[in-house]
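To start, the structure itself, in structure tokens.
The values are calculated or read from the model by the stated rules, or taken from the named source; none is laboratory data. This structure is a prediction, so every number in the text was calculated from the model and none was measured. All Cβ positions, glycine included, derive from the backbone under ideal geometry; neighbour counts span all protein chains shown.
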Amino acid sequence: MRHEKASRLLDLARMLAATSEGLTLDEMAERLGVGRRTAERMRDAVRDVFPQLEEVDDPPTRRFRIPAGLDGLFQAPTAQELAALAAAAEVFAQQGASARAAALRSLEHKVLSATRAAARRKLAPDLEALLQAETIAVQAGPRPFEDETVLAAIREGLLSMRRLRFRYEGGATPGRVREVTPFGLLFGRSNYLVADEGQGPRNWRLDRIGDVEVTGRTAARPEGFSLQDYADESFGIFHDDTEDVALRVSPAGAEDALRWRFHANQAVEAQADGSVIVRFRASGMLELAWHLFTWGDKVQVLTPPVLKATLAEQIEIARRAHASGTVVAAS
């Protein structure tokens, strides 16, 4: 058996050991990027090596898992995996996400402490070389707020399905006490709690939440609500009217556009003249206008008219401010 095939089989064994409910053959095929017949052969090969592979009936299909996990011999991390984990922790730390950085570093220590001494000694030189050779470019922007007390209370409410009460220093009435049903957390350039106070989901900035507590009242998200779908509705964080967006990227920017993700559900169409049309449906036209500044004259807004107007308005505000030397407030 070639090394690559053995490595793929071990990857599948790890997947089957990492799930409590098991994987179907179709799920194995999707995760491995192979056909169903190949997934069947790989499952059979894994069963030969790991006879503890368990089959679970889940009509109309069957699931497979390795319930007792794998021996540590098969679980030694690579230098690349540990370097990626350290890099992710460093990204969080630079962004001000101290709680998540600490969680990743704790995970790194647990992985290393569970690794056999001989394997750790073998990893050390390569890991040190990678850590010295790779670094993270600092991105300009706000540092997200992360308070462990606030995050812990919100997560408790999410896990126990209880309503949250807190003092909110934002909105039209700063300092007002709110009681909400928590839906989830959005992490990005700023961090938000997605929660419903009675008028549907909205975003609450974590850095404006104080005195948070978990109440005894039960909270339930609407049937079928998806935090990912909610996040994908907007270009950024702000939610307003959803628009059908079409952007024309000139031939000079087409190569960049083909590698760029404007939106999770975008469609990209190459044109005969070398330009590219990007289409997606989203809200958050102000944030999209801000982003389009970075493309200069390479992007033309085709639709919607509100995005054209927003972009023109932001350009005029910037022009007036720099022409007069006086900051002009946005209308």
* To do: For segment 27-50, indicate whether the set of residues that are at pLDDT below 90, more than 30 Å from L185 (Cα to Cα) and part of a loop (DSSP other than H, G, I, E, B) is non-empty.
  => yes
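Go through A219, A264 for me and flag whichever is under 19 Å from the mean Cα position of the chain (by Cα) and either within 30 Å of L159 (Cα to Cα) or loosely packed, with under 12 Cβ neighbours inside 10 Å (or both).
Testing whether each residue is under 19 Å from the mean Cα position of the chain (by Cα) and either within 30 Å of L159 (Cα to Cα) or loosely packed, with under 12 Cβ neighbours inside 10 Å (or both) leaves just A264.
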Against the condition surrounded by 12 or more Cβ atoms within 10 Å (Cβ to Cβ) and either on the phi < 0 side of the Ramachandran plot or among the β-branched types (V, I, T) (or both), how does A79 come out, does it pass? yes
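Quick check: anything in segment 92-104 within 23 Å of D11 (Cβ to Cβ), more than 24 Å from the chain's Cα centre (by Cα) and not β-branched (V, I, T)?
no
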With the first residue restricted to segment 42-53 and required to be within 13 Å of L25 (Cβ to Cβ), and the second required to be among the small types (G, A, S) and surrounded by 19 or more Cβ atoms within 10 Å (Cβ to Cβ), Cβ contacts under 6 Å at 6 or more apart or on different chains are V46/A13
When segment 272-331 is checked residue by residue, the ones that are among the small types (G, A, S), modelled with pLDDT of 90 or more and either over 23 Å from S250 (Cβ atoms) or assigned to a loop (DSSP other than H, G, I, E, B) (or both) are A272, G274, S275
